[in-house]
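Working notes, structure below.
The values are calculated or read from the model by the stated rules, or taken from the named source; none is laboratory data. Here the structure is a predicted model, which means the values were calculated and not measured. Reconstructed Cβ throughout: ideal geometry from the backbone, glycine too, with neighbour counts over all protein chains shown. Protein only, heavy atoms only, side chains kept; ligands, DNA and RNA dropped before computing areas. Shrake-Rupley method; radii C 1.70, N 1.55, O 1.52, S 1.80 Å.
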Amino acid sequence: MCIARRGYKPDLMRKDARCTLQFHAFRDFPDRPYKGHNHDCRSATASGTIEILDRAKAFEAFGDAHEMFMTCNGRTMKPLAEHRAPAMYMLKITCPMDQVTDKSGFPLRMVEDVSFVDVYSVPEDNTPFDIRDIIAKRNQGL
């Protein structure tokens, strides 16, 4: 992630490095219901800290972040040493796993359930997802 070197956001980050990130993904399949649903969603929330990476003070970490930023934006990458000093900071966000929570539109029972189902490539299934069995096992202490 990058930000301008001056302004409101960098000033806030210097005062308080705490942050929260939220990610959302949504799949809609109105013409092919699956397990009684016409959509599926996933979300995650993570709390952590932001570290501002200054090129002059952390050249290697800044370079790694800059390369990732440029590549993700589909830009041709040339060595950072050939760039004039950019007018931005790169950021490193660290979120401990115990500070990450997630939600899913469908009950996730196995790791394989985490990825979205391509409802158009699996057999039609109109049996609704039902979490009553999960709740019953939890109540029995299993």
Yes/no for Phe69 being surrounded by 15 or more Cβ atoms within 10 Å (Cβ to Cβ) and more than 30 Å from Thr127 (Cβ to Cβ): yes
Unique match (being touching a residue at least 40 places away in the same chain (Cβ under 8 Å) and assigned to a loop (DSSP other than H, G, I, E, B)) among Phe69, Phe129: Phe129
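Matching residues to (1) open to solvent by 50 Å² or more (accessible area, probe 1.4 Å); (2) closer than 22 Å to Lys9 by Cα; (3) touching a residue at least 40 places away in the same chain (Cβ under 8 Å):
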residue: Cys41; (1), (2), (3): no, no, yes
residue: Phe62; (1), (2), (3): no, yes, no
residue: Gly74; (1), (2), (3): yes, no, no
residue: Val114; (1), (2), (3): yes, no, yes
residue: Gln140; (1), (2), (3): yes, no, no
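Looking only at residues that are free of Cβ contacts under 8 Å to residues at least 60 places away in the same chain and open to solvent by less than 60 Å² (accessible area, probe 1.4 Å) in the range 88-107, which one is nearest to Pro30 (Cα to Cα)?
Pro107
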Top-ranked residue in the range 108-142 [being within 27 Å of the chain's Cα centre (by Cα) and among the hydroxyl-bearing types (Ser, Thr, Tyr); ranked as farthest from Arg27 (Cα to Cα)]: Ser121
